[in-house]
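Reviewing the structure listed below.
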Amino acid sequence: MSKTSQENTTAETNGISVIYTQAHTSGLQQVPQLVPVSPGGGGKASPPSKQGKKNSIIDRNSDEYRQRRERNNMAVKKSRLKSKQKAQDTLQRVNQLKEENERLEAKIKLLMKELSVLKDLFLEHAHNFTDSVQPLGTESTVTNSDGSGQ
């Protein structure tokens, strides 16, 4: 068996990268790759919003420029106000939840005390009940007046 060469060479043909390798000493073999060759190397297309824009210099004194700036300034103000309102709403909600949490914690504490008292009452009652009931084997038999056992 003959060895395959470790040496690879590449070439570009019609936008397709081709790798030449030596196979079993029979010569060079072309293996086309499906990777397109681009001069930039990234292969990413530019977004549609930037494709149609021209790199022309805009006159800052023009009416169009002033209108765009005014609309943009209003949009920025609106966005900032919205963001500020959202932050205030969030802070208000946090404070409400903190207050509710405190109320619930106090209610839990009260219910735990009540549970403890009720447990103690139950255990005391259960203890008294077991003291007053005699075990089954030690019951006294009641004798009737006729002398029978029941």
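Asp131: accessible area at probe 1.4 Å, nearest 10 Å²?
100 Å²
Which whole-Hz couplings ³J(HN,Hα) result when phi for each residue of segment 105-121 is put into the Karplus expression 6.51 cos²θ - 1.76 cosθ + 1.60, θ = phi - 60°, listed in order with x for Gly and Pro?
Couplings: 4, 5, 5, 4, 4, 5, 5, 5, 4, 4, 4, 4, 4, 5, 4, 4, 4 Hz.
With labels modelled as points extended 7 Å from the Cα through the Cβ direction, what inter-label distance (nm, one decimal) is found for His127 paired with Glu70?
It works out to 8.7 nm between the two label points.
On the accessible surface of segment 63-121, probed at 1.4 Å, how many percent belong to carbon and sulfur atoms?
Details: 3300 of 6000 Å².
That fraction is 55 percent.
The values are calculated or read from the model by the stated rules, or taken from the named source; none is laboratory data. All values derive from a computational prediction rather than experimental measurement. When we count neighbours, we look across all protein chains shown, and the Cβ atoms used for this are built from the backbone with ideal geometry, even at glycine. For accessibility, only protein heavy atoms count, side chains too; no ligands or nucleic acids. Shrake-Rupley method; radii C 1.70, N 1.55, O 1.52, S 1.80 Å.
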